[in-house]
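A quick write-up on the structure given underneath.
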Amino acid sequence: MHQNQIEIFIDQRIANEVEMLKRKKDNQNKPKPKDDKNDDDDDYYGHIQYTDIEHIKEFKQVRVGFEGKQLSLWSSAIYYFVIKYFNYPLEPVRIEFPREFRHQYIIPNTGVYCHPEWSQKYWQRSVTLEHIINRVIQTFHEIPTYSDYPADLSFIQLSLDKAEYQNVINANKDCSTHYNNKIQEERQYFERKRQLEHQNASNKKKNEDQQQQDQKKQEQEQNNQAIKRQEEDYHNGLKLNQQQNQDYNQQLKLNDQIHELQNNKINYNQSVPQQIHQQQLNQQQISSSNPNQQQHNFNHQAQNNQQIPQFQQQQIQQEQNQANQNNQKASNNPKIKIIGNVK
């Protein structure tokens, strides 16, 4: 975790320095107005030696392009080199040109640019990225000599032959042209890739927005349907309550009618036996003097008894027996006058 934080810090520092150098390059043709027009603009901005600079964070590299020095054999060409940083500024950076490139400070067939200033022995932690770029460009145009610790002694010997030296420089120019074309293709590829990623991200965002809208629309429809179902359930509940109330009222009316019929029946059952009993008593009084009428009343009483419930018939039978006993006593004793039972 601590190592990752250090790498992030180094990347951010390199990115900041690259952005500063880009701004310097962009502003080199926009000098700040001065009161003294005779002042040299280079004294204010300094001479910008590089023509292109790019931070490649994925590979921890800074790619720099510069133009060959005018009025020299290196002129009319753009040369690129790469600065590889790993633990900058604690450790020296690594400078690399194309592998086929030949120079007095380049190790043959490696492209590694060796110079004493960024060797482990002479490295200084205060060295900035701008200083490294300027020193590489300056030393690149130096005349080959044995006094500068060259990495390729054969190149110095070769420089003594003007024609052969010119051929090597032309080969370097061709290599640089090929490398420039490769860089342009790479940039176009990454530009297309960036546009495609941007387009995919845009389409993805549109699809997500559309899905969110469809989801919201679906949720809204579901809510509307739920509200509609609730309203239908509410109205159905009202109708059911009304129907239940009607059924309950009808049941109450029916119960009242049944209760009224039962009361009428009970009153009728209570009144009819009393009337029949009274009639029987009256007939018994009359039949005491007329035996034929007594027989007729007995038959009529039998018919009435069939219409009277059993418990009431028993009561009536007891009263009739009592009445017959009283009549018999009265017949035996003429002084006793029979008076009907009074209730």
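Out of all the residues in the stretch 58-83, which are closer than 23 Å to SER126 by Cα and in contact with a helix residue (DSSP H, G or I) (Cβ under 8 Å, 6 or more places away or on another chain)? Listed by number, the residues that qualify are LYS60, VAL62, ARG63, VAL64, PHE81, ILE83.
Across the stretch 123-138, what is the number of residues that are over 14 Å from LYS84 (Cβ atoms) and touching a residue at least 40 places away in the same chain (Cβ under 8 Å)?
The total comes to 5.
Is it true that some residue in the stretch 243-253 is within 30 Å of TRP74 (Cα to Cα), out of contact with any Ser or Thr (no Cβ under 6 Å at 6 or more places or on another chain) and of a type outside the set (A, V, I, L, M, F, W, C)?
No, because not a single residue in the stretch 243-253 is within 30 Å of TRP74 (Cα to Cα), out of contact with any Ser or Thr (no Cβ under 6 Å at 6 or more places or on another chain) and of a type outside the set (A, V, I, L, M, F, W, C).
Pairing residues of the stretch 187-216 that are within 30 Å of ASP52 (Cα to Cα) with residues that are surrounded by fewer than 10 Cβ atoms within 10 Å (Cβ to Cβ) and of a type in the set (Ser, Thr, Tyr), at Cβ distances under 6 Å and at least 6 apart in sequence or on separate chains, gives no pairs at all. Comparison of LYS173, LYS239 shows that the only residue that is closer than 30 Å to ARG102 by Cβ and in a helix (DSSP H, G or I) is LYS173. Would it be correct to say that ILE183 is assigned to a helix (DSSP H, G or I) and closer than 27 Å to LEU21 by Cα? Judged against the criteria, ILE183 is a match. Looking at the stretch 1-102, none of the strands (runs of 3 or more DSSP E) lying wholly inside it contains 3 or more residues that are of a type in the set (D, E, K, R), modelled with pLDDT under 90 and touching a Cys at 6+ places or on another chain (Cβ under 9 Å).
Quick grid of which residues meet (1) more than 30 Å from GLN317 (Cβ to Cβ); (2) of a type in the set (Asp, Glu); (3) modelled with pLDDT under 90; (4) in contact with a strand residue (DSSP E or B) (Cβ under 9 Å, 6 or more places away or on another chain):
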| position | (1), (2), (3), (4) |
| --- | --- |
| GLN184 | yes, no, yes, no |
| LYS193 | yes, no, yes, no |
| ASN200 | yes, no, no, no |
| GLU232 | yes, yes, yes, no |
| GLN242 | yes, no, yes, no |
| GLN257 | yes, no, yes, no |
| GLN274 | no, no, yes, no |
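Of all the residues in the stretch 130-151, those that are touching a Leu at 6+ places or on another chain (Cβ under 9 Å) and part of a loop (DSSP other than H, G, I, E, B) number 1.
When ASN200, ASN172 are checked against the criterion of being on the phi < 0 side of the Ramachandran plot and loosely packed, with under 15 Cβ neighbours inside 10 Å, ASN200 stands alone in meeting it. Here ALA151 meets each of (1) under 26 Å from VAL18 (Cβ atoms); (2) free of Cβ contacts under 8 Å to residues at least 60 places away in the same chain; (3) not basic (Lys, Arg) with one exception, condition (1).
If the condition is being surrounded by fewer than 18 Cβ atoms within 10 Å (Cβ to Cβ) and touching a strand residue (DSSP E or B) at 6+ places or on another chain (Cβ under 6 Å), then the stretch 64-75 contributes GLY65, GLU67.
Under the condition of being of a type in the set (Lys, Arg) and either surrounded by fewer than 14 Cβ atoms within 10 Å (Cβ to Cβ) or without any contact (Cβ under 8 Å) to a residue 12 or more places away in the chain (or both), which residue from the stretch 76-122 is nearest to ILE14 (Cα to Cα)?
LYS121
The values are calculated or read from the model by the stated rules, or taken from the named source; none is laboratory data. In this text the structure is predicted, and so the values were computed from the model without any measurement. Here the Cβ is made from the backbone with ideal geometry for all residues, glycine too, and neighbour counts use every protein chain on show.
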